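As structure tokens, the structure follows; a few thoughts come after it.
The values are calculated or read from the model by the stated rules, or taken from the named source; none is laboratory data. For clarity, every value in this text was computed on a predicted model and none was experimentally measured. Positions of Cβ are generated from backbone atoms using ideal geometry, with glycine treated the same way; all protein chains shown enter the neighbour counts. The accessibility values were calculated without ligands, DNA or RNA, using every heavy atom of the protein model including side chains. Shrake-Rupley method; radii C 1.70, N 1.55, O 1.52, S 1.80 Å.
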Amino acid sequence: MTFLEIHDVHKSYGEHEVLRGVSLEVAKHEVVCLIGASGSGKSTLLRCINALEPIQSGEIRVAGDVVSGLGVDVNRLRRNVGMVFQSYNLFPHMSVLRNVTLAPVRVGGRSRAEAEEQALALLDRVGMKDKAGAYPDALSGGQQQRVAIVRALASDPQVLLLDEITAALDPELVGDVLAIVRELAQDGLTMLLATHEMGFARDVASQVCFLHEGRILERGTPAQIFEDPQEDRTRQFLARVLASGRL
Amino acid sequence: MTSGAQTEEVAARPTPPQRVLPTAVVALLVAVLCALAAGLALWSLHRMLEPPAGVDALLVALALVALLPLVPAVRAFGDDRRRARHLAAGRLAPARHEAASGREHAHTAMGYALAVLVCAGLVWFTTANDGAITTTFLRWEFLRSSFANVLDAFWINVEVAVGAQLLVLVVGLVVAVMRLLPGRAGRPLRWLAIAYVDTFRAIPSIITLYLVGFGLKLAQVPFFKDLSPVWLAIIALTLTYSSYVAEVYRAGIESIHPSQWAASRSLGLSYGMTLRTVIVPQAVRRIVPPLLNDFIGLQKDTALIGVMGVTDAFAQSRLTASNVFNLTPVIVVAVLFVLITIPQARYVDRLLAKEQIRTGRS
């Protein structure tokens, strides 16, 4: 059953067209990896799904409900669609625990005690329980990103959007963060991730999409994309990634 | 090949030290001249005060302090002698070391000597014209007699300042948020906010005080006509300073990275909630230093409320000053303003330091 439907989405910043007709269906429990060069539209697509960016034409549906265009309750949509950013974007003036409980308490209407209990359980899962009282600036990048994932999970989203979440991390910290994502995938969380970690994409993705100049140029299972790409552009891109030693 | 040989040659023969003697001579001359100037100034102070023995001893001590820059100046000569000795024995590196130390001593001597000269100038200024300046500004008996009066009146300044500051914190934020309202719906309010800031930031606060203080009463404006002058002063200063502080708030809010908005909105928080819980709390932490600036400005402007007929510390001091034909009471007010400002500055420093430690920011 299709859970997330993206149909012919166009998005431009002024004259510059970033998405030129993207269509994609994601079923529940699926993990979709978006790959492609910088500027190919991966991040923009994720931001459009979350309604952080308005789209010019096309349609986005989550669980059968249209979530693009006017009149959509974006705050309600975002409770179902979590997002994790490349630069973590934790709130520096709040402790880890407050970062995680902010949305459940303010938006989800839970009691603080209940939210904190749930937050501590989630933090424990990613090995960050003992840092609950710490402030983001006192944490390493990997720790901050783990907290950011927990913050997104605390609202019980039905789909999680991950925007190059390891791109800003030191190489030795990438593994910890990816391990968490892998675990979430095994638990059956629906995820859409823009990533440069090709090895990881090959492991966890059920579907890989290669974006080029605002279009999904090629899409298929990891085996199809990584072992037998049909498009020249895909082959060139993968060859460049291979040359840089990241596959 | 040739370049390699050159490098070797340079490495084998370090550059010889520069001479120190000219600098040392200049330093000694400057130190002596400044000490002489200080001596003259202190002598003139002694003649003016005709002080008892205790104060005289203090003056002698000050004269000795004025001689202190001579110490490094003399040391510079010693360094120069050692430099010459090392150089004669072919020990270039120790010679360079002594030369550097000598120059440092000479520069220190000149720095301190010039500071002595500035202080001597100030002392001379206060004793000029047979101490007329001191007797005009600083007479102990007037200081004592006016202090209680002026201090009493100063509470009105404090009252007005604190009242206006509390209101400014709120009004300034409201105006800043109005100015940042998004979309077509927010446009008229944005314009109003801009118009308000443009107007009241431009009007001199003394004029606003005058107009509010007399105008509202004259026009018999309901509610406002019954307010006490102190409240009218608070309102006038709030009008002026909210326009400054609104701009400070706006700068603070706009300085928060858009990714914080994105993160908060992506969690499902609304625009208003994001502003309240994520953006403004961070902005406020950043704007504390410029906010203190505006608050000190506001405190100082409470000295203007005399124009609306309130007897504040400055008005009171002028009254006393014209009675005794001496400006000492006015100095008392000036000192009081300084005294209340310093603790605030230190408090803000401590606040920021604590915040940095708490959030782990370096």
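So for the range B:275-317, what are the equivalent ellipsoid semi-axes in whole Å, largest first, each being the square root of 5 times an eigenvalue of the Cα gyration tensor?
Working: eigenvalues 237, 21, 6 Å².
Three semi-axes, in Å: 34, 10, 6.
Once R0 is set to 22 Å, what does the formula 1/(1 + (r/R0)^6) return for the Cβ-Cβ distance between B:R144 and B:T311, expressed as a FRET efficiency to the nearest 0.05? Provide the component values of the computation, followed by the final result.
Details: r = 21 Å, r/R0 = 0.94.
The value I calculate is 0.60.
Suppose we look only past 16 Å in the calculated P(r) of the range A:199-247. What percent of the Cα-Cα pairs does that tail hold?
Values: 412 of 1176 pairs.
Distances greater than 16 Å cover 35 percent of the Cα pairs.
Work the Kirkwood hydrodynamic radius out for the range B:142-359: mean of 1/r over every pair of different alpha-carbon atoms, inverted, in Å. Before the final figure, lay out each step's value.
Values: mean 1/r = 0.0518 Å⁻¹.
Value: 19.3 Å, from the Cα pair sum.
If amide H atoms are built 1.01 Å from N in the plane of the peptide, which residues on other chains or at least 5 residues away come under 5 Å of the amide H of A:S57?
Correct list: A:H10.
Can you tell which of A:A201, A:A148, A:A179 shows the greatest fluctuation in a Gaussian network model of chain A with Cα springs below 10 Å?
Looking only at A:A201, A:A148, A:A179, the biggest GNM fluctuation is shown by A:A179.
Classify the protein assembly as shown as rounded, prolate or oblate from the Cα gyration tensor: take a ≥ b ≥ c as the square roots of its eigenvalues, call it rounded if a/c is under 1.5, otherwise prolate when a/b beats b/c and oblate if not. Walk me through the intermediate numbers first.
Numbers: a/c = 3.20, a/b = 1.49, b/c = 2.15.
Verdict is oblate for the protein assembly as shown.
Measure off 7 Å from each Cα along the Cα-to-Cβ vector at B:A345 and B:A219, then give the distance between these two points in nanometres to one decimal.
4.0
How would you classify the range B:17-80 from its alpha-carbon gyration tensor, with a ≥ b ≥ c the square roots of the eigenvalues: rounded for a/c under 1.5, else prolate if a/b is greater than b/c, otherwise oblate? Don't skip to the end; give the middle numbers.
Details: a/c = 7.65, a/b = 2.95, b/c = 2.59.
Since a/c reaches 1.5 and a/b is larger than b/c, the shape of the range B:17-80 is classed as prolate.
Which residues' amide hydrogens lie under 5 Å from the amide hydrogen of A:M83, considering only partners 5 or more residues apart or on another chain, with H built in the peptide plane?
Amide H neighbours of A:M83, under 5 Å, 5+ apart: A:L161.
I'd like the antiparallel share, as a percent to the nearest 5, of DSSP beta bridges with both residues in the range A:106-247.
Details: 5 of 10 bridges.
For the range A:106-247, the DSSP antiparallel bridge percentage is about 50.
May I ask for log10 I(q)/I(0) of the range B:16-130 at q = 0.13, 0.20, 0.22 Å⁻¹, from a Debye sum over the Cα atoms as equal point scatterers with solvent left out?
Here log10 of I(q) over I(0) equals -0.56, -0.91, -1.02.
Connecting C-alpha atoms closer than 10 Å in a GNM of chain A, tell me which of A:S206, A:S38, A:S155 has the biggest fluctuation.
A:S38
Under 5 Å between amide H atoms, partner at least 5 residues away or on a different chain: which partners does A:E30 have, H built in plane at 1.01 Å?
A:M191
How about the range B:121-213: which trypsin sites (Lys or Arg not before Pro) there lie in a loop by DSSP and see at most 16 other Cβ atoms within 10 Å?
Numbers: sites: B:R139, B:R144, B:R179, B:R184, B:R190, B:R201; in loops: B:R139, B:R184.
Sparse-neighbourhood loop trypsin sites (Lys or Arg not before Pro): B:R184.
List the residues of the range A:72-92 for which accessible area in the full set of protein chains is at least 30 Å² lower than for the chain on its own; 1.4 Å probe, protein heavy atoms only.
Hits at the 30 Å² cut-off: A:N75, A:R78, A:F85, A:N89, A:F91, A:P92.
Quick check: residue separation of B:V284 and B:N129 times 0.36 nm, minus the Cα distance between them. What number comes out in nm?
Working: separation 155, 0.36 × 155 = 55.80 nm, distance 5.17 nm.
Gain on stretching B:V284 to B:N129: 50.6 nm.
Considering the options A:G133, B:I342, B:L327, tell which one lies farthest towards the positive end of the dipole of the protein assembly as shown, charges being +1 on Lys and Arg and -1 on Asp and Glu at the Cβ, about the Cα centre.
Value computed over the given set: B:L327.
Using a 1.4 angstrom probe on protein heavy atoms only, which residues from the range A:18-58 are buried by at least 30 Å² of accessible area when all chains are present rather than their own chain alone?
A:L52
Under unit Cβ charges (Lys, Arg +1; Asp, Glu -1), what dipole magnitude, rounded to 20 debye, does the range B:16-130 have relative to its Cα centre?
Values: 10 positive and 7 negative charges, 168 e Å.
Dipole magnitude for the range B:16-130 comes out near 800 debye.
Could you look at chain B and say what percent of its accessible area is carbon and sulfur, using a 1.4 Å probe and all protein chains? Walk me through the numbers before you get to the answer.
Values: 14100 of 20370 Å².
Of all accessible area on chain B, carbon and sulfur atoms account for 69 percent.
Span-like helices, chain B: DSSP H, alpha-carbon axial extent 20 Å or more, mean Kyte-Doolittle 0.0 or greater, which ones?
Working: long enough: B:21-49 (42 Å, 1.93); B:53-67 (21 Å, 2.45); B:70-88 (28 Å, -0.46); B:92-137 (60 Å, 0.42); B:140-179 (54 Å, 1.36); B:187-202 (23 Å, 0.19); B:229-254 (37 Å, 0.90); B:280-301 (29 Å, 0.09); B:328-359 (47 Å, 0.89).
What comes out of the filter, once short or polar helices are dropped, is B:21-49, B:53-67, B:92-137, B:140-179, B:187-202, B:229-254, B:280-301, B:328-359.
Among the lysines, which have Cα under 26 Å from the Cα of B:K217 when same-chain residues fewer than 8 positions away are ignored?
Here the lysines satisfying the reach criterion relative to B:K217 are B:K225, B:K300.
Just to compare against my own numbers: the Cα pair-distance distribution for chain A, 10 Å bins, whole % per bin, please.
7, 31, 36, 21, 5, 0
Between B and A, buried accessible area summed over both sides at probe 1.4 Å, in Å² to the nearest 100? Before the final figure, lay out the partial values.
Numbers: alone 21400 and 11570 Å², together 30970 Å².
For B against A, buried area totals roughly 2000 Å².
Considering only protein heavy atoms and a 1.4 Å probe, what is the carbon-and-sulfur percentage of the accessible area of chain A?
On the way: 4720 of 10600 Å².
Carbon with sulfur: 45 percent of the solvent-accessible area.
Just to check I understand the Karplus step: with θ = phi - 60° and J = 6.51 cos²θ - 1.76 cosθ + 1.60, what whole-Hz values come out for the range B:210-218, glycine and proline as x?
4, 5, 5, x, 9, x, 5, 6, 4
Given the options B:T320, B:T328, B:T108, state which has the largest fluctuation in a GNM of chain B using a 10 Å cut-off (strictly under) for Cα springs.
B:T108
Determine the residues within the range A:103-128 where the difference in accessible area between the chain on its own and the full set of protein chains amounts to at least 50 Å²; count protein heavy atoms only and use a 1.4 Å probe.
The answer is A:R106 - residues whose exposure falls by at least 50 Å² when every protein chain is included.
Roughly how many Å² is the accessible area per residue of the protein assembly as shown, as a whole number, for a 1.4 Å probe?
Values: 30970 Å² over 609 residues.
So the protein assembly as shown comes to 51 Å² accessible per residue, rounded to a whole number.
In straight Cα distance, which lysines are under 21 Å from A:K11, not counting same-chain residues fewer than 8 positions off?
A:K42
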